[in-house]
1. Of the residues in the stretch 51-62, how many are within 19 Å of Ile85 (Cα to Cα) and either in a strand (DSSP E or B) or open to solvent by 60 Å² or more (accessible area, probe 1.4 Å) (or both)?
2. Which one of the conditions (1) within 24 Å of Phe29 (Cα to Cα); (2) in a loop (DSSP other than H, G, I, E, B) does Ile85 fail to meet, given that it meets all the rest?
3. Would you confirm whether or not the stretch 42-57 contains a residue that is in contact with a helix residue (DSSP H, G or I) (Cβ under 9 Å, 6 or more places away or on another chain) and among the aromatic types (Phe, Trp, Tyr)?
4. Against the condition out of contact with any Asp or Glu (no Cβ under 7 Å at 6 or more places or on another chain), closer than 21 Å to Gly9 by Cβ, among the small types (Gly, Ala, Ser) and buried (at least 19 other Cβ atoms within 10 Å of the Cβ), how does Ala99 come out, does it pass?
5. If Lys65 satisfies all but one of (1) in a strand (DSSP E or B); (2) over 18 Å from Thr24 (Cβ atoms), what's the number of the condition it fails?
6. Every residue in the stretch 30-50 that is of a type in the set (A, V, I, L, M) and either surrounded by fewer than 17 Cβ atoms within 10 Å (Cβ to Cβ) or more than 20 Å from Gly15 (Cβ to Cβ) (or both), please.
7. So, Lys87, is that one exposed (fewer than 13 other Cβ atoms within 10 Å of the Cβ), at negative phi and among the basic types (Lys, Arg) or not?
8. What residue, of Val102, Val64, is among the hydrophobic types (A, V, I, L, M, F, W, C) and modelled with pLDDT of 95 or more?
Amino acid sequence: QVQLVESGGGFVQAGGSLRLSCATSGLTFSSVSMGWFRQAPGKEREFVAFMDWNGGSTYYADSVKGRFTISRDNAKNTAYLQMSILKPEDTAVYYCKPARRVGRIVEPAYGNWGQGTQVTVSS
């Protein structure tokens, strides 16, 4: 069974940085493309960042491009999201999940969602 455990969230002032981690188990991580998604209060979950299975291709939502960086360590079965120049509108619960990309569309793939990690950015 696929398990996803997000961590690293917290409370930060605008302009600050955070690094999120996503520890995975129950899947062949080195063969799986991964995505980060977020859900703000009262809003639908949205795509944030994507990295293909070997780290050769990345893709970002326009709202985070240039500020967020997705990475992965296949030896540790872990994905990361480095977030910089944070803005209050980045406040959300952040989730990782296996993902697939077709053109400009990134969708979550198999498995259940983890518990997510809360990021709160104050102005």
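The values are calculated or read from the model by the stated rules, or taken from the named source; none is laboratory data. The model shown is predicted, which means the values in this text are computed figures rather than measured ones. For neighbour counting, all protein chains shown are included, and Cβ atoms are generated from backbone atoms with ideal geometry for every residue, glycine included. The accessibility values were calculated without ligands, DNA or RNA, using every heavy atom of the protein model including side chains. Shrake-Rupley method; radii C 1.70, N 1.55, O 1.52, S 1.80 Å.
1. First pass over the stretch 51-62, keeping only residues within 19 Å of Ile85 (Cα to Cα): 59-62.
With the extra rule that they be either in a strand (DSSP E or B) or open to solvent by 60 Å² or more (accessible area, probe 1.4 Å) (or both), the set shrinks to 59-60, 62.
Number of matching residues: 3.
2. (1) is the only condition that Ile85 fails.
3. So far as the stretch 42-57 goes, yes, one or more of its residues are in contact with a helix residue (DSSP H, G or I) (Cβ under 9 Å, 6 or more places away or on another chain) and among the aromatic types (Phe, Trp, Tyr).
4. On the way: out of contact with any Asp or Glu (no Cβ under 7 Å at 6 or more places or on another chain): no; closer than 21 Å to Gly9 by Cβ: yes; among the small types (Gly, Ala, Ser): yes; buried (at least 19 other Cβ atoms within 10 Å of the Cβ): yes.
No.
5. The one condition Lys65 does not meet is (1).
6. The first filter runs over the stretch 30-50 and keeps only residues of a type in the set (A, V, I, L, M), leaving 32, 34, 40, 48-49.
Residues satisfying the conditions are Val32, Met34, Ala40.
7. Values: exposed (fewer than 13 other Cβ atoms within 10 Å of the Cβ): no; at negative phi: yes; among the basic types (Lys, Arg): yes.
Considered against the rule, which asks whether it is exposed (fewer than 13 other Cβ atoms within 10 Å of the Cβ), at negative phi and among the basic types (Lys, Arg), Lys87 comes out as no.
8. Numbers: Val102 fails: modelled with pLDDT of 95 or more.
Result: Val64 is the single residue among Val102, Val64 that is among the hydrophobic types (A, V, I, L, M, F, W, C) and modelled with pLDDT of 95 or more.
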